[in-house]
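Remarks on the structure that follows.
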Amino acid sequence: MTEERPEELEEEAADLDTEVSRVVAEATALRRLEALLFASPEPLSRAEIAERLPGADVAALIEVLIERYADRGVNVRTVAGKVQMVTAPDCADVLVAYRTEGRRLSRAALETLSIIAYHQPCSRAEIEEVRGVAVAKGSLDQLLELGWIKLSGRRDAPGRPLLYATTDAFLEQFGLDDVSHLPGRADLEAQGLLDARLPPGFAVPSPRAVEGELTGEDAADAPDFVTDYDGEAG
């Protein structure tokens with residue numbers, strides 16, 4: 001049996017100390033991240049977490065927590081590129097007495113929201129073209145009030161119509177990390193949400209995120225109602 005030299009023992013001891021320090025630091029960072037998510041009333045971005053946990057591997061810590069909480073009554077999930085703790089879906093029934101019921105969206109508002117989500121950015125005239133009927137002012141007002149859609153700019157066309165897009169609040173409400181996670185045609189058909197007799201060439205659009213929002217003078221100039229290409233208010 002070969003005896004290890006003192007310098008080899010010292011090197012092994014140093015390596016062990018380094019590994020122990022790493023494990024302790026990771027465990028500490030994980031506990032601190034857990035506390036941050038638990039206490040935060042809003043989802044946290046990775047940048048916000050990194051600011052609170054300097055030097056930590058934020059992405060790795062998030063993945064550890066997601067896996068650790070996967071089978072618990074509280075889950076960790078990413079929504080709109082941010083991280084939050086949420087109640088596990090199968091435990092929702094025990095919390096129903098504590099949930100605040102919001103206003104129910106009308107069918108017209110739901111259809112309008114769906115069109116904006118899949119076709120964004122789009123104008124009122126484009127929404128009406130897809131729906132086949134006029135868009136009521138109340139539908140857009142309600143969605144704007146809820147914070148699920150935003151004024152994202154103006155179309156470079158006659159009348160420079162306002163454009164609408166979804167917000168991070170929309171993603172948070174429906175549990176989506178980004179709009180690319182909206183259900184596609186196969187998902188909608190599997191849930192029985194599409195008519196079996198679809199017209200030839202029918203396709204579900206591939207939504208994309210829209211950056212930016214009307215601010216300053218553009219936002220101030222935006223009317224309380226929307227004007228379509230023909231200049232008719234509704």
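For residue 177, the residues whose amide H sits under 5 Å from its own are 80, ignoring neighbours fewer than 5 places away on the same chain, with H placed 1.01 Å from N. Taking amide H atoms as placed 1.01 Å from N in the peptide plane, the amide H of residue 83 lies under 5 Å from those of 44, 45, each 5 or more residues away in sequence or on another chain. Between the alpha-carbon centres of the stretch 107-162 and the stretch 35-64 there is a gap of 35 Å.
Estimated at 0.36 nm per residue, the fully extended path between residue 40 and residue 114 surpasses their Cα-Cα distance by 23.7 nm.
No lab work stands behind these numbers, since they all come straight from the coordinates. None of the values given here were measured: they were computed from a predicted structure.
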